Amino acid sequence: MSDPRPTGQILIADDEDSLRWVLEKGFRGAGYQVTAVKDGTAALKEVETGPFDLILLDVRMPGIDGLSLLKQVRDKRPDAPVVIMTAHGTMETAVAAMQQGAYDYLAKPFDLDEALLVAERALTARRLTQEVTALRSGLKEVWEFGALVGRHPTMQEVYKAIGRVAASDVSVLLRGESGTGKEVVARALHHYSRRAGRPFMGISAAAIPVNLLESELFGHEKGSFTDAKERRLGKLELAHGGSVFFDEIGDMPAELQVKLLRALQERSFERVGGHELIRMDVRVLAATHRDLEAMMKAGQFREDLFYRLNVVTLSLPALRDRRGDIPLLAEHFLAKYGESLGDRVVAGDAMDRLVGHDWPGNVRELENVIQRAMVMASAGVILPEHLPIGPVSAAVVGTDASLEEIIEKKMHECVRGLRGHTSANLHGLMVGLVEKPLLRAVMRETKGNQVRAAQLLGINRNTLRKKLKEHGIDPGGV
């Protein structure tokens with residue numbers, strides 16, 4: 001049976017060598033990861049560079065005293081509980097420490113068991129606070145998971161897969177075009193896992209220069225290279241206990257693939273320029289839009305790393321392959337930005353353009369288009385002219401409905417809008433609406449050749465000229 005006691009990373013700052021040694025040894029023996037320093041200045045540097053779950057500070061130290069340091073620590077790491085240690089257990093010291101945000105204080109001399117008990121209580125309180133914060137941010141998570149909105153069967157399969165694998169620690173490889181929501185799915189897998197209260201760290205192999213990627217991943221020691229003026233923790237270390245997400249893993253250089261594979265196999269690594277073996281406990285999630293199988297055949301991606309990452313595969317569909325979800329996604333983004341930009345609705349013809357667009361940037365592009373349209377549509381209704389996208393895809397006409405069905409649908413909307421009118425010259429209006437795009441399409445196809453256009457239309461050239469003039473169509477400008 002596993003030990004239910006909370007574990008974590010602890011910083012101890014005390015100038016008394018013997019006490020510092022006893023505490024460091026005692027906490028390590030209890031399963032904690034410990035960093036121990038002997039003055040306030042060193043403690044502040046550690047707080048600035050590394051994540052700590054609990055901090056123990058002595059009141060009187062060289063450099064910065066404990067109470068002064070307490071305020072700075074609370075500003076930089078408000079989520080980390082601080083326990084003050086003092087040989088001056090007066091009421092004034094206790095009150096001052098608690099007023100400045102300390103979780104508790106220990107009056108010297110104290111037993112190691114007393115310190116361990118205070119640490120356990122502090123870490124349990126921190127964990128409960130994180131759980132409450134996570135519950136309160138539920139709405140934020142809903143907005144973040146916007147790319148997962150949809151009723152298309154392929155998305156239903158994605159939902160089921162998330163439900164099946166989220167609770168386990170297996171590696172997941174997410175595949176799909178850019179903008180389909182691979183990182184969103186990775187965050188959902190983390191959110192619904194047992195690691196939800198721990199860090200989620202993402203690293204993009206495509207966005208970070210090759211010479212910095214190793215340091216970003218594994219961290220580095222001070223002086224390990226020219227610009228390494230301080231020790232820095234990498235994403236694998238910062239994600240301890242949580243999940244790490246490798247975006248665009250197919251872009252990772254071959255030499256770094258080897259080091260990552262070794263770290264995943266041994267569940268440990270060394271910082272760049274360091275010799276200390278850092279143990280890691282992370283769940284690995286990765287994503288790519290590349291054909292990794294082809295890259296393996298070409299010797300560009302390691303086969304053993306592929307199989308380490310590809311325990312479970314989730315494939316995300318392109319938005320153009322689930323057009324029926326576009327109205328749902330549009331409504332989701334309207335609600336998401338409604339509070340900051342104001343309520344908006346999408347006009348029917350504007351929605352038709354959204355559904356008809358091919359969306360090369362997928363859900364990410366749709367979200368950006370909706371956000372921009374909300375800014376431009378100051379009157380509250382998003383119209384086609386507010387949408388910064390190209391013409392409707394011809395594929396939609398061929399696959400979703402026949403031309404006759406599309407025309408009938410649009411005419412039905414026009415007729416419905418004329419209810420209550422006794423006379424509206426509806427025949428002439430409808431013929432004109434159909435005739436104009438027909439003339440433009442034929443003139444575009446014939447590259448402005450009026451003789452050829454008249455032949456295709458089955459009318460004489462004079463009639464064509466007259467109709468082009470009536471509709472304001474420039475034969476040379478189509």
- [ ] Answer with yes or no whether residue 256 is farther than 20 Å from residue 49 by Cα and in a helix (DSSP H, G or I).
- [x] yes
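Which residue is farthest from residue 52 (Cα to Cα), if the candidates are limited to region 181-235 and must be acidic (Asp, Glu) and touching a Gly at 6+ places or on another chain (Cβ under 7 Å)?
Taking region 181-235 first, the residues acidic (Asp, Glu) are 183, 214, 216, 221, 227, 230.
When the remaining residues are screened for being touching a Gly at 6+ places or on another chain (Cβ under 7 Å), the result is 183, 216, 221.
Numbers: 183: 26, 216: 19, 221: 18 Å.
This residue is 183.
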TODO: Just give me the residues in region 291-300 being surrounded by 15 or more Cβ atoms within 10 Å (Cβ to Cβ) and within 18 Å of residue 182 (Cβ to Cβ), in sequence order.
DONE: 292, 295
Task: Residue identified as loosely packed, with under 14 Cβ neighbours inside 10 Å, at pLDDT below 80 and β-branched (Val, Ile, Thr) among 431, 375 - done: 431
Open item on the list: List the helices (runs of 4 or more DSSP H) inside region 1-85, counting only whole elements, that have at least 2 residues being in contact (Cβ under 8 Å) with a residue 60 or more places away in the chain and either open to solvent by 10 Å² or more (accessible area, probe 1.4 Å) or in contact with an Asp or Glu (Cβ under 7 Å, 6 or more places away or on another chain) (or both).
Closed with: 17-29, 40-49
Task: Hits in region 99-122 (condition: in a strand (DSSP E or B) and either touching a Cys at 6+ places or on another chain (Cβ under 6 Å) or open to solvent by less than 30 Å² (accessible area, probe 1.4 Å) (or both)) - done: 106
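I'm checking my understanding of the structure. Among residues of region 264-286 that are part of a loop (DSSP other than H, G, I, E, B) and aliphatic (A, V, I, L, M), which one is most open to solvent (accessible area, probe 1.4 Å)?
Here is the first cut: in region 264-286, the ones part of a loop (DSSP other than H, G, I, E, B) are 267, 270-271, 273-277, 280-282.
Imposing the further condition that a residue be aliphatic (A, V, I, L, M) reduces the set to 277, 280, 282.
Working: 277: 88, 280: 15, 282: 10 Å².
Here the answer is 277.
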Task: Criterion (surrounded by 20 or more Cβ atoms within 10 Å (Cβ to Cβ) and modelled with pLDDT under 90) met by exactly one of 163, 150 - done: 150
- [ ] Hey, can you tell me all the residues within region 224-250 that are open to solvent by 60 Å² or more (accessible area, probe 1.4 Å) and of a type outside the set (A, V, I, L, M, F, W, C)?
- [x] 226, 227, 229, 230, 231, 232
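Report, by residue number, each residue of region 205-223 that is open to solvent by 30 Å² or more (accessible area, probe 1.4 Å) and either under 26 Å from residue 310 (Cβ atoms) or touching a helix residue (DSSP H, G or I) at 6+ places or on another chain (Cβ under 8 Å) (or both).
Taking region 205-223 and keeping what is open to solvent by 30 Å² or more (accessible area, probe 1.4 Å), we get 206-212, 214, 216, 221-223.
Scanning region 205-223 gives 206, 207, 208, 210, 214, 216.
The values are calculated or read from the model by the stated rules, or taken from the named source; none is laboratory data. What you are looking at is a predicted structure, and each value in this text was computed from that prediction instead of being measured. Cβ: placed from backbone, ideal geometry, glycine included. Neighbour counts: every protein chain shown. Heavy atoms of the whole protein, side chains included, go into the accessibility calculation; ligands, DNA and RNA do not. Shrake-Rupley method; radii C 1.70, N 1.55, O 1.52, S 1.80 Å.
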